[in-house]
Amino acid sequence: MSIVYSPKYELDLGGHIWPTIKYRLIAERLLAEGVADAADLVSPVLCSWEALALVHTSEYLTRVRDGTLSEDEIQTLELPWLPELVEGFRLMTGGTCVAAELALEHGSAVHLGGGLHHAFPNHGEGFCLFNDIAVAIRRLQGAGRIQRASVVDCDVHHGNGTAMIFEGDPSVFTFSIHQHHNYPLFKPRSDLDIGLADGTGDAEYLSRLSDALPIVLRSSPDVVVYVAGADPFRGDRLGGLALSFEGLRKRDAVVFEAARSAGVPVVVVLAGGYAADVEDTVDVHVATVREMAQARP
Ligand SMILES: [Zn+2]
């Protein structure tokens, strides 16, 4: 199994709602439960500024690199500004790039990080400095490794940055299934959007997802990026859907099975997860990796 992970993802954000501790806890649980062994863990590589520029504007990257983002920009990012954020996010973006390459080689791979779907070409938003999903796709396209890609975004929040980046690009099909009345307020159109009502539970969610996946796969992607947010979980502090552990496990199984039967490699990124008890978020993500292992071609 290919699992990209770095202990450097555990940035100290001083009590911020984003539990960066989850990455280490997930890696430890995967090893402790025998889902993975140490040889499965692959280190990410720092994403180059050139690769970031495949998606982001040079003006934005210069401000990030120089630490000269405005107060407004930092407020939109919703993170305390720390100089080490730049390297942390470059590493996390590089991690998705590494995982995407491994997925093409092995049929599937997971990045214990990434899913930074709120980052736009010219600004960061909602805890996302760079859009790792878009950078990884553009890198693979630029290297001639793939022509087409699909994004299956199951985070509870709409994938606004990703939708905007690939708007009007027929080579990338973007799909987002999310809670309609939630952040972000402005939702640029994905190729397929499903905005769910508050409190939607397992049955409705799984039925809508199952109906959508054939449409996504009809776009003939060479790779699927699965944004496996843990925040549709009931009781998530930033989410208002009501999926159970079992519902989320089935969600993962449905996505992996759809991709497997279409013969399309899948790269998993974790995205959000803000349960009051971080162990609940860890449980959801660990189950995703288990499902990926079981669905391996
Ligand atoms: Zn989210």
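The values are calculated or read from the model by the stated rules, or taken from the named source; none is laboratory data. Everything numeric here is computed off the predicted structure, so don't read it as measured data. Virtual Cβ from ideal backbone geometry, glycine too; neighbours counted across all protein chains shown. Accessible surface is based on the protein model in full, side chains and every heavy atom, while ligands, DNA and RNA are left aside. Shrake-Rupley method; radii C 1.70, N 1.55, O 1.52, S 1.80 Å.
The lone criterion from (1) of a type outside the set (Ser, Thr, Tyr); (2) within 15 Å of the ligand (Cβ to nearest atom); (3) over 27 Å from TRP49 (Cα atoms); (4) in contact with a helix residue (DSSP H, G or I) (Cβ under 6 Å, 6 or more places away or on another chain) left unmet by HIS180 is number (4).
Tell me, which residue of segment 282-297 that is open to solvent by less than 10 Å² (accessible area, probe 1.4 Å) and either in contact with a Lys or Arg (Cβ under 7 Å, 6 or more places away or on another chain) or of a type outside the set (Val, Ile, Thr) (or both) is farthest from the ligand (Cβ to nearest atom)?
Here the residue is MET292.
Being open to solvent by less than 20 Å² (accessible area, probe 1.4 Å), over 28 Å from ALA275 (Cα atoms) and of a type outside the set (A, V, I, L, M, F, W, C): is that true of PRO214 here?
On the way: open to solvent by less than 20 Å² (accessible area, probe 1.4 Å): no; over 28 Å from ALA275 (Cα atoms): yes; of a type outside the set (A, V, I, L, M, F, W, C): yes.
It is false that PRO214 is open to solvent by less than 20 Å² (accessible area, probe 1.4 Å), over 28 Å from ALA275 (Cα atoms) and of a type outside the set (A, V, I, L, M, F, W, C).
From LEU46, LEU82, LEU69, grab the single residue that is modelled with pLDDT under 95, part of a loop (DSSP other than H, G, I, E, B) and surrounded by 13 or more Cβ atoms within 10 Å (Cβ to Cβ). Lay out the reasoning, then the answer.
Details: LEU46 fails: modelled with pLDDT under 95; LEU69 fails: modelled with pLDDT under 95.
Result of the check over LEU46, LEU82, LEU69: LEU82.
Take segment 253-281 and flag every residue that is within 16 Å of the ligand (Cβ to nearest atom) and open to solvent by less than 60 Å² (accessible area, probe 1.4 Å). VAL268, VAL269, LEU270, ALA271, GLY272, GLY273, TYR274, ALA275, VAL278, ASP280, THR281, listed by residue number. Annotation for segment 237-252: at least one member residue is within 16 Å of the ligand (Cβ to nearest atom) and open to solvent by 60 Å² or more (accessible area, probe 1.4 Å). If the condition is being within 18 Å of the chain's Cα centre (by Cα) and either away from the ligand (no atom under 15 Å from the Cβ) or among the small types (Gly, Ala, Ser) (or both), then segment 168-177 contributes VAL172, PHE173, THR174, PHE175, SER176. Contact annotation: residue pairs with Cβ atoms under 9 Å, 6 or more positions apart or on different chains, pairing a residue in segment 28-42 that is under 18 Å from GLU279 (Cα atoms) with a partner that is hydroxyl-bearing (Ser, Thr, Tyr), are LEU30/TYR5.
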